[in-house]
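Written out below as structure tokens is the structure these notes cover.
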Amino acid sequence: MVNRVKEAATKDDEVAPEVDTGPSEKDLLMDIRDALKANS
């Protein structure tokens, strides 16, 4: 039983690598705004 507790504790230490999520929502909205300004 103690071994299971230790294994569960060590699994939490494993951190997933950071993933590049791309531009933020704010950046996308600013790009859309700028594109609309350029077309008008």
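Would you say V5 is modelled with pLDDT under 85 and in a helix (DSSP H, G or I)? When the stated conditions are applied, V5 passes them. Checking every residue in the stretch 15-26 against the condition of being assigned to a helix (DSSP H, G or I) and either touching a strand residue (DSSP E or B) at 6+ places or on another chain (Cβ under 7 Å) or at pLDDT 90 or above (or both) gives at least one match.
The values are calculated or read from the model by the stated rules, or taken from the named source; none is laboratory data. Note that the structure is predicted; figures quoted are calculated from it, not measured. Cβ: placed from backbone, ideal geometry, glycine included. Neighbour counts: every protein chain shown.
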